[in-house]
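Undergrad: First the structure, which I've put down as structure tokens, then a few questions once you've had a look.
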Amino acid sequence: MDNRNSLLATSLLGSVLLFSGPLAAETIRIGIGHQSMVTNTVSGGIVLEKLDLLNKHLPRTGKYADADYRIEFRDYDSGPPITNQMLAGKLDFGVMGDYPLIVNGAKFQATGKQQTRFIAVTGYNLKGTGNGIVVPKDSPVQSLADLAGKSLSTPVGSAAWGMTLKVLRDAGLSDKVTLVNQSPPVGAANIAAGKIDAHADFCPWSEIMEFRGTARKIYDGSEAGIPTFHGIVVRDDFAKQYPEVVEGVLKATLAAQQWISEDPRRAAEKVADWTGVEKEVLYLYFSQGGISTMEASIKPQWVEAMKYDHALLQQEMQIPDLDFAAWIDDSYLKKAYTDMGLDYAAAVASVVSPIARAPGRKPAEIWFQDQGIVAYDSTAAMLAAEADAEASGKAINATYVYDNLTGLKLFGKAAYLVQDANGEVLAFMKKSDSEQHIAQHGDSALLTDAPVAMLD
């Protein structure tokens, strides 16, 4: 055998040995764009990261036996930058609000080459609260009409921006209010400094500003009458290549939602440590009867709400068409529910609508600094306990009541309180609502000019 043939034989033998040995492990990048400061998205982002839930639920058998997962969490202030990163191929999953979700699906379909799939909800409020418009605490503005000729900032492209477009249009104020694009932190800072007349934002920024004593809510998203929610989209090419990974991400999300629901106070304290959002604000969202419902199913109500929102966005911003049937895909979620021992059909059929004084629910709570959260049978009893705590020097983190009209949970310090003829105390989110009640029933306001400031 000459040298050439010898080299060829050696090369062939090496090839045989190479391909008969174990294959190199596949590296699977999982890029997740999320918003840690947004309460409705934490079950699809920061909780997964900090509790390491993805590693507990990603597939490890079959074709994934030797998979090398590279998990990347990237945190953003709002949804639009996440969509941009997904379009650039730098993220595989995006967690964002309803309006940004719609824009995400429409932009991808408009490329003619790429698609995303809407695969799960991370948190919702049936009444639409979570979005809100606030003004500086001492502002004379009390209503939307008072914003005529003034400036209103909002994160353009966000769920709050979409709400603002609808609100201003319905009120005939679209050409009378100057819209300014500002991120949530910038808007909150400008409200605190009195540099902007009003600011519209998504959860939980209105409540953050209320709790810090810098802002007062003049409009709540529930008044629009459209559900609000956040959810997860995934690049279609990733989902087709790694369907079991998508299911694993969703199982981790379900586990995160269960973790929050099992102990809302613990969840509020942990997420506060991770994000800097006050634990008292987070409890307002996470607690029983709170603003957020942590449940993942894609309900017909959400689909109808998104179709309405898409029509508004097309009218106001000329966004592309969206084939909802091609975009919405709950097949991965159904499999995740089954694997977790949960009933998907039952989840779809169940819609939580918080109502004050529902059976088993207390209408008021105090979060004491030393003894934790105590529930009371009435708002009047809660106020008496608050007065006793103040007299004895017992520190209070926050108080919580329910709006008499909507049943929505709110801070006691942000409520307008009215005492009826029987001594019961009713809470109202808006001053105008409390005044209307007094005019109709002859009851009396506990405080006439400003919300009760229990923590000032």
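None of the figures in this text is laboratory data; all of them are computed from the coordinates on show. Because the structure is predicted, anything quoted here is derived from the model rather than measured. Ideal geometry is used to build each Cβ from the backbone, glycine not excepted, and the neighbour counts take in all protein chains shown.
Undergrad: Calculated FRET efficiency, E390 and A439, Cβ-Cβ r, R0 45 Å, to nearest 0.05? Intermediate values should be presented prior to the final figure.
TA: Working: r = 31 Å, r/R0 = 0.70.
Between E390 and A439 the formula returns 0.90.
Undergrad: Can you list residues whose amide H is under 5 Å from F368's amide H, if they're 5+ apart or on another chain and H is modeled 1.01 Å from N?
TA: The answer is I373, V374, N397.
Undergrad: Per residue, how big is the convex hull of the chain when only Cα atoms are used? Give it in Å³.
TA: Dividing the Cα hull volume of the chain by its residue count gives 176 Å³.
Undergrad: Turning to a different aspect of this structure: If you take the square roots of the eigenvalues of the alpha-carbon gyration tensor of the stretch 364-445 and sort them as a ≥ b ≥ c, do you get rounded (a/c under 1.5), prolate (a/b over b/c) or oblate? Walk me through the numbers before you get to the answer.
TA: Values: a/c = 2.48, a/b = 1.86, b/c = 1.34.
It is prolate, given that a/c is not under 1.5 and a/b is the larger ratio.
Undergrad: Once you list every other residue whose beta carbon is under 13 Å from the beta carbon of V186, what net charge do they have if Lys and Arg are +1 and Asp and Glu are -1? List each step's numbers first, then the result.
TA: Numbers: positive: K195; negative: D77, D201.
The answer is -1.
Undergrad: Using θ = phi - 60° and the Karplus curve 6.51 cos²θ - 1.76 cosθ + 1.60, what whole-Hz ³J(HN,Hα) does each residue of the stretch 401-411 get, with Gly and Pro shown as x?
TA: 9, 10, 4, 5, 8, 9, x, 6, 6, 8, 5
Undergrad: Stokes-Einstein at 10 °C, 1.306 mPa s, Kirkwood radius from Cα pairs: D for the stretch 132-222 in µm² s⁻¹? Could you put the intermediate results ahead of the total?
TA: Working: Rh = 12.5 Å.
The estimated diffusion coefficient comes to 127 µm²/s.
Undergrad: Next question, about the same structure. So what J values fall out for the stretch 254-264 if you push phi through Karplus, 6.51 cos²θ - 1.76 cosθ + 1.60 with θ = phi - 60°, rounded to Hz, Gly and Pro as x?
TA: Going residue by residue, I get 4, 5, 5, 5, 5, 4, 5, 5, 4, 8, x Hz, with x marking Gly and Pro.
Undergrad: Here's something else I'd like to know. Tally the DSSP beta bridges in the chain and give the antiparallel ones as a percent, rounded to 5.
TA: If we restrict to bridges inside the chain, about 70 percent are antiparallel.
Undergrad: What is the extension gain from D237 to L51, computed as 0.36 nm multiplied by their sequence separation minus the C-alpha to C-alpha distance, in nm to one decimal? Present the calculation step by step, with values, prior to reporting the outcome.
TA: Working: separation 186, 0.36 × 186 = 66.96 nm, distance 2.76 nm.
Extra length from D237 to L51 when fully extended: 64.2 nm.
Undergrad: Extension gain T178-Q142, at 0.36 nm per residue separation less the Cα-Cα distance, in nm? It would help to have the intermediate numbers written out before the result.
TA: Details: separation 36, 0.36 × 36 = 12.96 nm, distance 1.76 nm.
The span from T178 to Q142 would gain 11.2 nm if fully extended.
Undergrad: Could you work out the helix-only [θ] at 222 nm for the chain, with each DSSP H run of four or more residues adding -39,500 (n - 2.57) and the total divided by the number of residues, to the nearest 500 deg cm²/dmol? Write out the running numbers ahead of the final one.
TA: Values: 18 runs with 187 residues, N = 456.
-12000 deg cm²/dmol, from helical runs alone.
Undergrad: What fraction of the DSSP beta bridges in the stretch 364-445 is antiparallel, stated in percent and rounded to the nearest 5?
TA: On the way: 19 of 20 bridges.
Bridges in the stretch 364-445 that DSSP calls antiparallel: roughly 95 percent.
Undergrad: OK, next. Around F73, under 14 Å between beta carbons, what's the net of Lys plus Arg minus Asp minus Glu among the other residues?
TA: On the way: positive: R29, K50, R70, R74, K90; negative: E49, D52, E72, D75, D92.
Once positives and negatives cancel, what remains is 0.
Undergrad: Taking 0.36 nm per residue of sequence separation and subtracting the Cα-Cα distance, how much length would be gained by fully extending the chain between M340 and F324, in nm to one decimal? Before the final figure, lay out the partial values.
TA: Numbers: separation 16, 0.36 × 16 = 5.76 nm, distance 2.71 nm.
Extra length from M340 to F324 when fully extended: 3.0 nm.
Undergrad: Taking the alpha-carbon centroid of each part, what is the distance from the stretch 29-53 to the stretch 178-212 in angstrom?
TA: So the two Cα centres are separated by 23 Å.
Undergrad: Here's something else I'd like to know. Please give, to one decimal in nm, the separation of the simple spin-label points placed at S331 and D68, each 7 Å out from Cα toward the Cβ.
TA: 3.1
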